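Readers should treat all values here as calculations from the given coordinates under stated rules, not as data from a laboratory. In this text, all values refer to a predicted model and were calculated from it rather than measured experimentally. FYI the Cβ positions are ideal-geometry reconstructions off the backbone, even for glycines, and counts take in every protein chain you see.
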Amino acid sequence: MSTASAKPNTKAKKALCPALFFCAPASGQGKTTITAGIARYHRQQGRDVRVFKTGPDYLDPLILEQASGQPVTQLDLWMVGEEACKRILYEAACEADLILIEGVMGMFDGAPSGADMAQFFGIPIAIIIHAGSMAQTFAALVQGLVKFRPELKIAGVIANAVGSTRHEDLIRESMLKPSVADLPLLGCLRRNADIALPERHLGLVQPGEVIDMDARLDAVAVAIEQASLHTLPEPVEFMQGQTPTTPPPLLKGLDIAIARDEAFSFIYAANVKLLEDMGAKCLFFSPLHDEHLPFCDALWLPGGYPELHHKKLAENFSMQESIAKFHARGKKILAECGGMLYLMENLTDVSGQREALLGLLPGDGIMRERGGCQGMQYAPMPEGELRAHAHHRTCCEGTLEPIAHGRRLRHPAPGEPIYRENGITASYLHLYFASNPEATAALFS
């Protein structure tokens with residue numbers, strides 16, 4: 001690993017920037033914690049750190065954004081597109097001192113997988129392995145991951161949740177085996193409850209709900225330095241990609257209200273940017289805390305955690321009345337996942353507590369203790385097809401007949417139902433607006 005940053009020529013078609021891609025054999029290995037800790041460390045050294053998250057994730061980017069002090073964008077070859085991903089990374093490389101990318105799930109899980117992404121962009125991979133319940137097997141797992149796709153660039157391995165000095169010695173000794181001896185052990189991070197990021201269903205707890213999040217991130221940065229994981233990686237060459245076409249001003253003059261608070265936060269920054277690039281003015285409001293909608297022409301209720309706040313949502317009668325009056329005027333409403341549950345008649349949490357909500361759509365949302373749905377899907381709307389994904393643990397009963405179903409990428413079974421009634425478009429699907437700007441504009445205008 002190098003200790004010097006390489007600043008690129010912003011006028012060139014190529015840009016150089018130190019970069020590292022973090023993968024793991026499975027979820028729960030500590031990818032977000034370590035990526036955030038390295039980002040926070042280099043930010044503290046005065047470096048411009050740009051962090052990206054692979055796949056359709058809303059929660060990890062919030063942590064990574066707080067750690068790095070910069071907006072975090074999703075990268076996905078299918079949802080975002082190859083050329084757009086190239087352009088995003090190139091623009092970051094022209095300005096940043098360091099680029100970090102967190103993978104998704106296991107290293108080879110999904111299509112495209114984290115390994116696919118790293119190979120496509122030529123970014124070396126740091127493999128993170130939770131070593132808490134193993135010793136010599138650590139090296140065997142490393143060997144299997146590396147030899148499964150030998151064409152990948154592997155920067156090295158990070159042992160996470162190491163329990164003691166003796167445990168670290170065993171791991172280091174295992175990495176002396178001839179089959180893995182040429183692969184660097186980048187560092188061993190000790191097990192420490194003080195730096196663990198709190199979790200719940202669907203992922204990590206949002207940073208705004210964790211009072212000591214900055215203190216935790218600072219503690220992770222200290223642990224990163226102690227584990228010798230703070231040196232800059234080697235520079236990577238990023239290609240510019242195609243120049244994007246300017247989206248048409250199809251939303252010029254429209255005010256779009258967007259729910260954003262503890263209950264509704266699953267919002268791609270790229271979605272908001274596209275709405276604004278098409279001429280819309282985006283107005284954020286809180287269904288939990290505000291009394292009424294801002295003056296607006298259309299409404300977007302994104303996903304989130306309404307099942308954790310359904311009692312407070314139910315008690316905000318003035319907001320419910322404001323949205324009901326807005327709907328009665330025939331205005332457009334897009335409701336995704338948690339936003340759809342908010343529009344239904346009732347929502348029951350995991351403990352069985354049931355609350356009456358807006359009732360603008362028939363149906364009851366019910367939180368399940370286990371199970372759920374996740375995965376990429378096409379969303380065939382009457383306005384046109386968009387790319388989307390689903391990630392939820394609730395189910396719905398007594399709903400409308402859907403106008404369509406999502407189309408799964410690699411499975412013939414119908415995807416998520418899509419509902420439409422009196423100006424409302426609702427589904428469990430989270431849409432990626434840039435996959436079809438014209439269809440997106442038609443959903444709001």
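Let me spell out the model: positive unit charges on the Cβ of Lys and Arg, negative unit charges on the Cβ of Asp and Glu, origin at the Cα centre of the chain. What dipole size does that give, in debye rounded to 20?
940 debye
According to a simple spin-label model (label point 7 Å from Cα along Cα-to-Cβ), what is the distance in nm between R354 and T243?
6.0 nm
Sequence neighbours fewer than 8 away in the same chain don't count; with that in mind, list the lysines whose C-alpha is under 27 Å from K311.
Within the straight-line cut-off, K311 pairs with K325, K331, K332.
If you restrict to DSSP beta bridges whose two residues both lie in the chain, what percentage is antiparallel, to the nearest 5?
45 percent
Would you please report the Å³ per residue occupied by the convex hull of the alpha carbon atoms in the range 324-423?
So the per-residue Cα hull volume is 97 Å³.
Can you work out the Karplus-derived ³J(HN,Hα) for every residue in the range 434-444? Use 6.51 cos²θ - 1.76 cosθ + 1.60 with θ = phi - 60°, whole Hz, and x for glycine or proline.
Listing the rounded values in order: 5, 5, 6, x, 5, 5, 4, 4, 5, 5, 10 Hz.
Which trypsin sites (Lys or Arg not before Pro) in the range 383-445 sit in a loop by DSSP (not H, G, I, E or B) and have at most 15 other Cβ atoms within 10 Å of their own Cβ?
Counting only loop positions with at most 15 other Cβ atoms within 10 Å, the trypsin sites (Lys or Arg not before Pro) in the range 383-445 are R410.
Of the options G37, V162, C17, report the single residue whose Cα projects farthest towards the positive end of the charge dipole of the range 14-239 (beta-carbon charges: Lys, Arg +1; Asp, Glu -1).
Working it through, the farthest residue towards the positive pole turns out to be V162.
Of K31/K273; K53/K147; K13/K86, which pairs sit farther than 22 Å apart, going by alpha carbon to alpha carbon?
K31/K273; K53/K147
Can you give the helix-only mean residue ellipticity at 222 nm for the chain, where every DSSP H stretch with n ≥ 4 adds -39500 (n - 2.57) and the sum goes over all residues, rounded to the nearest 500 deg cm²/dmol?
The helix-only estimate for the chain comes to -8000 deg cm²/dmol at 222 nm.
Across the chain, where is the longest run that never hits GluC sites (Glu not before Pro) in a DSSP loop with at most 11 other C-beta atoms within 10 Å?
152-368
Which of N160, N422, N271 moves the most in a Gaussian network model of the chain with Cα springs under 10 Å?
The residue with the greatest mean-square fluctuation here is N422.
Considering all projection directions equally, how large on average is the shadow of the alpha-carbon convex hull of the chain, in square nanometres?
21.4 nm²
Give me the dipole magnitude in Debye, nearest 20, for the range 216-375 about the Cα centre, with unit charges on the beta carbon: positive for Lys and Arg, negative for Asp and Glu.
Computed charge dipole of the range 216-375: roughly 480 debye.
Picking from Q74, Q119, Q242, which is most flexible by a Gaussian network model of the chain using Cα springs under 10 Å?
Q242
The range 152-190 to the range 48-127: how many Å between their Cα centroids?
The distance from the Cα centre of the range 152-190 to that of the range 48-127 comes to 24 Å.
Along the charge dipole of the range 242-394, Cβ charges K/R +1 and D/E -1, which of G253, S318, A356 sits furthest on the positive end?
Sorting the options by dipole projection puts first G253.
May I ask which residue of H130, L176, M367 lies farthest towards the positive end of the charge dipole of the chain, with charges of +1 (Lys, Arg) and -1 (Asp, Glu) on Cβ and the Cα centre as origin?
L176
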